[in-house]
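The values are calculated or read from the model by the stated rules, or taken from the named source; none is laboratory data. Just so we're clear, the structure is a prediction, and the values are computed from it rather than from any experiment. Here Cβ is always computed from backbone atoms with ideal geometry, including for glycine, and neighbour counts include all displayed protein chains. Quick note on the areas: whole protein, heavy atoms, side chains included, nothing else; ligands and nucleic acids left out. Shrake-Rupley method; radii C 1.70, N 1.55, O 1.52, S 1.80 Å.
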Amino acid sequence: MAPLRRRTHVRCPIPAISATPAFSAAALVLLLFLASFSLLGPPLLDRASLPGSFHSLKHREDLKEDADVVVELFHVPDVGSSKPDLWASKRGKHFYGCSNASRKFSSAEVITRPERYLMIATSGGLNQQRTGITDAVVAARILNATLVVPRLDQKSFWKDASNFTQIFDVDWFISFLSKDVKIIKQLPRKRGKVIRSPYTMRVPRKCTPRCYENRVLPVLLKKHGPQILLPRLTLLANKLETDLQKLRCRVNYHALRFTKPILKMGETLIRRMKEKGKHFIALHLRFEPDMLAFSGCDYGGGDKEKRELGAIRKRWKTLHISNPEKERRHGKCPLTPEEVGLMLRALGYGKDVHIYVASGEVYGGEDTLAPLKALFPNFHSKEILASKEELAPFATFSSRMAALDFIVCDRSDAFVTNNNGNMARILAGRRRYFGHKRTIRPNARKLYSLFLKRANLTWDEFASKVRTFQKGFMGEPKEIRPGRGEFHENPSTCICEDTQPKVSKDKGEGSSVSSVDELPDSPFSDEEPSLPDQDYGENEPLGLYASNGTEWSQNLSIPAELFELEDMFSD
């Protein structure tokens, strides 16, 4: 990548010097004093050239070579670090997934009540549906009910007509969980007829087991029929008793297996990435126009960017527009592709590393991606690795395409997340469960100020600060205190430690653990994830879904745009 240059014009006024030796000495001192101020003065940069702007590269190329003095400071070296701890931590070998039920956890055969059926309709895209399915199993267990295979959302923003059996291996799902919860594919028939239309009710968000027992169970018993619960996002509280948390892990990390066609295509993509190099990075970029419009952040595109993203924001009348500078300063904005690339290079990943990018349409297109591709020329995506014919069975189904990205990101040597949505959380937790594979979350709040100052730093200074800021954000064991954060991201209840190196005792997909040199111990990160909770709809003004547990009429007046927002930005 071309070095960034600081151009300093030296224009120093020269006073008249007397022939008197004493006066000449005094004048010379004054001359040197004035010259020092001229040399130390920083250059003036306009908004388009601020570091962090994906427009800055083109701006720098357009600058005229009219400086009297050119000082090269920020030059990204081509060669990265060869340290093996970039790809994994030896400490991860001492931690393993342990989600088996305790002896006091009764079997499904013992606890399931006859004529008690639970139906769940999930919402959103693939990963939001995944959390809904996981909690549906736990909810059925709490209610001692038989679970009907959950329905997947087919009408939201994602507009994917796939049903459960087209994405997940339903027979494996039912079989694997048979000791925990009785699951059936469809409601049974009575006298040759399907049970009457289900009664529909709604539960509060983050409902606890007691909440289910007090609000849902009485209705279940009174109606003597199946219930359809139509919550948005997750059904259950974040913190549950140990056996229920472990059940969550068994569902999410073992029972939810993709169908064979999806797995086969995913394995093909992984094999092609592995053929290109020993290791590869997977990046969940999340830099789509809708994402940026919702964030309300400023990415240095000037009036054009404001017009384009502003037009998208107008689709949502309830969207609160906050201070863009404040949001970015507080670390609540996704990094630009260029910033992600600089962070990775500063951590020690070299220019020759292969990178797989999971992303939709990137705002600004190739111009936006150009700085990232300059930093990592070995740039790949599923569309690059596979032909149109190979992707044809998946291309018109957003959830199936997302499943392919999920598989590659899960099996990558290093996974980088650029937002805090469901896919980022689920993969972070999954990679912790299967041996703490390297998972990098940008410490966006601290990195923001560093990106602003980078033109006045040497590369070594910049890289050193990045490595310091990223401590506690690299997916190390015990990086987050047990019980803190969202459970799917930090499933601490399901992770055990042993003094002897272990591989996960639970044999799930992708359970292999890499062995590499040990990283220095990382203390608990006292900072919460820098990015906002992007299960949009969870916080005001979009969080209008809290319920008092009463019956939910299908005609309930909730703006459709709020559902669309929630679905769009949660995966």
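Key figures for this structure:
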item: Residue in region 403-410 that is in contact with a strand residue (DSSP E or B) (Cβ under 7 Å, 6 or more places away or on another chain) and acidic (Asp, Glu) present; result: yes
item: Test: residue in region 155-170 that is modelled with pLDDT of 90 or more, assigned to a strand (DSSP E or B), surrounded by 22 or more Cβ atoms within 10 Å (Cβ to Cβ) and more than 22 Å from the chain's Cα centre (by Cα); result: no
item: Residue list for region 336-356, filter: open to solvent by less than 10 Å² (accessible area, probe 1.4 Å) and either out of contact with any Gly (no Cβ under 6 Å at 6 or more places or on another chain) or among the β-branched types (Val, Ile, Thr) (or both); result: Thr336, Pro337, Glu338, Val340, Gly341, Leu342, Met343, Leu344, Ala346, Ile355, Tyr356
item: Hits in region 368-379 (condition: open to solvent by 20 Å² or more (accessible area, probe 1.4 Å) and in contact with a helix residue (DSSP H, G or I) (Cβ under 8 Å, 6 or more places away or on another chain)); result: Ala370, Ala374, Asn378, Phe379
item: Helices (runs of 4 or more DSSP H) (entirely within region 380-449) containing at least 2 residues that are among the small types (Gly, Ala, Ser) and closer than 22 Å to Glu479 by Cβ; result: 422-433
item: Scope region 244-264; condition open to solvent by less than 20 Å² (accessible area, probe 1.4 Å) and assigned to a helix (DSSP H, G or I); matching residues; result: Leu244, Gln245, Leu247, Arg248, Cys249, Arg250, Val251, Asn252, Tyr253, His254, Ala255, Ile262
item: Some residue of region 124-147 being in contact with a Cys (Cβ under 9 Å, 6 or more places away or on another chain), open to solvent by 10 Å² or more (accessible area, probe 1.4 Å) and either within 30 Å of Val416 (Cα to Cα) or modelled with pLDDT of 90 or more (or both); result: no
item: Some residue of region 285-307 being open to solvent by 10 Å² or more (accessible area, probe 1.4 Å), without any contact (Cβ under 8 Å) to a residue 12 or more places away in the chain and assigned to a loop (DSSP other than H, G, I, E, B); result: no
item: Every pair of residues 6+ apart whose Cβ atoms lie under 8 Å, when the first sits in region 129-154 and is in a helix (DSSP H, G or I) while the second is acidic (Asp, Glu); result: Gln129/Asp153; Val137/Asp180; Arg141/Asp180; Ile142/Glu213
item: Residue in region 73-92 that is open to solvent by less than 20 Å² (accessible area, probe 1.4 Å), modelled with pLDDT of 90 or more and either over 30 Å from the mean Cα position of the chain (by Cα) or farther than 30 Å from Pro337 by Cα (or both) present; result: no
item: Subset tally (residues that are free of Cβ contacts under 8 Å to residues at least 40 places away in the same chain and either of a type in the set (S, T, N, Q) or surrounded by 15 or more Cβ atoms within 10 Å (Cβ to Cβ) (or both)) for region 310-335; result: 6
item: Filtered residues of region 328-349 (kept if outside any helix (DSSP H, G or I), more than 12 Å from Ala414 (Cβ to Cβ) and at pLDDT 85 or above); result: Cys333, Pro334, Leu335, Thr336
item: In region 459-504, residue modelled with the highest pLDDT [restricted to those that are open to solvent by less than 30 Å² (accessible area, probe 1.4 Å) and among the small types (Gly, Ala, Ser)]; result: Ala463
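Yes or no, residue by residue, for (1) at pLDDT 95 or above; (2) under 30 Å from Phe95 (Cβ atoms); (3) open to solvent by less than 50 Å² (accessible area, probe 1.4 Å):
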site	(1), (2), (3)
Lys382	yes, no, yes
Leu385	yes, no, yes
Glu389	yes, no, no
Ser399	no, no, yes
Val408	yes, yes, yes
Phe415	yes, yes, yes
Asn422	no, yes, yes
Gly435	no, yes, yes
Asn456	no, no, no
